[in-house]
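The values are calculated or read from the model by the stated rules, or taken from the named source; none is laboratory data. Keep in mind it's a predicted model, so treat the numbers as computed, not measured. A quick note on method: Cβ atoms are made from the backbone with ideal geometry, for glycine too, and the neighbour counts reach across all protein chains shown.
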Amino acid sequence: MIIHPPDDDERTNSMGLFNTAEAFRLSAMTLEDEKVKIGHAASPIRICYYHALELYLKALLRQKHSVKKIQEKFGHNTKRLVEEAEALGLVVTDEDREVLSKAGTDAIIEARYIRTGAKNWPELEELRHTCKRVRDGVGDLLFKEGVPVWL
C-alpha cells in the first residue's frame with residue numbers, strides 16, 4: 001500500500017495556524033516581560049505580535065478558503081484579512097481596528113527590515129491587548145466549529 005503525504009491544504013489547517021499564532025503571541029509576551037521595550041530591542045516583540053495577528057486571522061479564513069486562495073487573495077494584507085475575518089463572524093472593536101491598521105502590511109515590512117526615520121507603530125501594550133482580543137474572538141469561532149484550539 002502506498003501512503004501519500006497530505007497536501008498543503010490538509011497540512012495547513014485552522015488548528016495549526018491558530019496554535020502557531022499562540023506560540024508567537026506567548027513568545028512576544030515573554031520578551032516583553034524582559035522589560036526591553038525601547039529602540040530596536042522592541043522589534044522582535046513587534047514581529048512576534050504582527051505574525052501572531054496574521055496567523056490568527058488566517059486560521060479563521062482557513063475554515064472557508066484553501067491555502068492557495070489565502071495566499072493569492074489575501075497574502076499579508078492585514079486590511080483584507082480583517083475584512084474577510086469580519087465577514088466570517090469576527091467582531092473587531094474600533095480600538096483594535098486602529099491598531100490593526102497601524103500594524104498593517106507596511107508596518108510588518110518596516111519591523112522586519114531596517115528603515116530609519118519616524119514610525120507610527122502601535123504601542124506594545126496596544127498590540128498585546130489587540131492580539132489577545134483577536135485570539136479570543138477567533139478561538140471562540142473556531143471552537144464552535146469543532147476545531148481543537150488552546151483557549
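Things worth noting here:
Condition check ((1) modelled with pLDDT of 90 or more; (2) acidic (Asp, Glu); (3) within 19 Å of Val147 (Cα to Cα)) across all residues:
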site	(1), (2), (3)
Ser43	no, no, no
Ala52	yes, no, yes
Leu57	yes, no, yes
Phe74	yes, no, no
Arg80	yes, no, no
Glu83	yes, yes, no
Leu90	yes, no, yes
Lys102	no, no, no
Ala107	no, no, no
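- Which numbered condition Ser101 fails, given (1) small (Gly, Ala, Ser); (2) in contact (Cβ under 8 Å) with a residue 24 or more places away in the chain; (3) within 17 Å of Leu127 (Cβ to Cβ): (2)
- Any hit, the stretch 118-136, residues being at pLDDT below 95, over 18 Å from Tyr49 (Cα atoms) and in a loop (DSSP other than H, G, I, E, B): yes
- When the stretch 70-94 is filtered for residues that are of a type outside the set (Val, Ile, Thr), surrounded by 18 or more Cβ atoms within 10 Å (Cβ to Cβ) and out of contact with any Lys or Arg (no Cβ under 6 Å at 6 or more places or on another chain), the ones remaining, listed by number, are Leu81, Glu84, Ala85, Leu90.
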